[in-house]
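Chemist: One structure, as C-alpha cells, below. Some questions next.
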Amino acid sequence: MESFGVPFPKNQPMRIYSSLWNADDWATRGGLVKTDWTQAPFTASYRNFNADACVWSNGASSCKSNASPSSASTNSAWFSQEMDSAKQQRLKWVQKNYMIYNYCNDAKRFPQGLPPECNMS
C-alpha cells in the first residue's frame, strides 16, 4: 500500500517488542471481556522463537527488494511471497471468526479520520 501513501518503515532498523495488554477498553472489546485481576501478575514466555528477517546494516538491507522467489534464499523467500485468492479467503475467514480488535473499526481512536489503509480493499 506504500504506493497509495501508506507509510511503511522498510529502510530502517526495527526490533521486536512484546507486551501484555493492560485491559484498556480497546483490548477488552469495549469492556465486554472482563479482566480477572486475581490472576495477576500476568506473564508470557516464548519457546523456540526464531525471527526470520532482513538485517539492516551500514545503510543496506540483507534482503533484496526485487529478488524473485526462485532467486531468493529459502530463508528470505517470505519477503517476496504473495497470497493467492484461496489464501486471501482463508485469511478473511480467520479475521471474521477470530479477530477481536481491528483499528480500522475504532473511530474513537482516530477522531480525525481512519488511517488511509482502512479505506482500501
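Chemist: Name the residue that is surrounded by the most Cβ atoms within 10 Å (Cβ to Cβ), counting only residues in segment 55-77 that are at pLDDT 65 or above and not polar (S, T, N, Q).
Modeler: Cys63
Chemist: Condition (residue is out of contact with any strand residue (DSSP E or B) (no Cβ under 8 Å at 6 or more places or on another chain) and modelled with pLDDT under 75) applied to segment 28-40: is it met by at least one residue?
Modeler: Checking segment 28-40: not a single residue is out of contact with any strand residue (DSSP E or B) (no Cβ under 8 Å at 6 or more places or on another chain) and modelled with pLDDT under 75.
Chemist: Across segment 31-52, what is the number of residues that are part of a loop (DSSP other than H, G, I, E, B) and open to solvent by 60 Å² or more (accessible area, probe 1.4 Å)?
Modeler: 15
The values are calculated or read from the model by the stated rules, or taken from the named source; none is laboratory data. Note that the structure is a prediction, hence the values are computed from the model and not measured. With ideal geometry, Cβ positions are generated from the backbone for all residues, glycine too; neighbour counts draw on all protein chains shown. Calculation scope for accessible area: heavy atoms of the full protein, side chains included, ligands and nucleic acids excluded. Shrake-Rupley method; radii C 1.70, N 1.55, O 1.52, S 1.80 Å.
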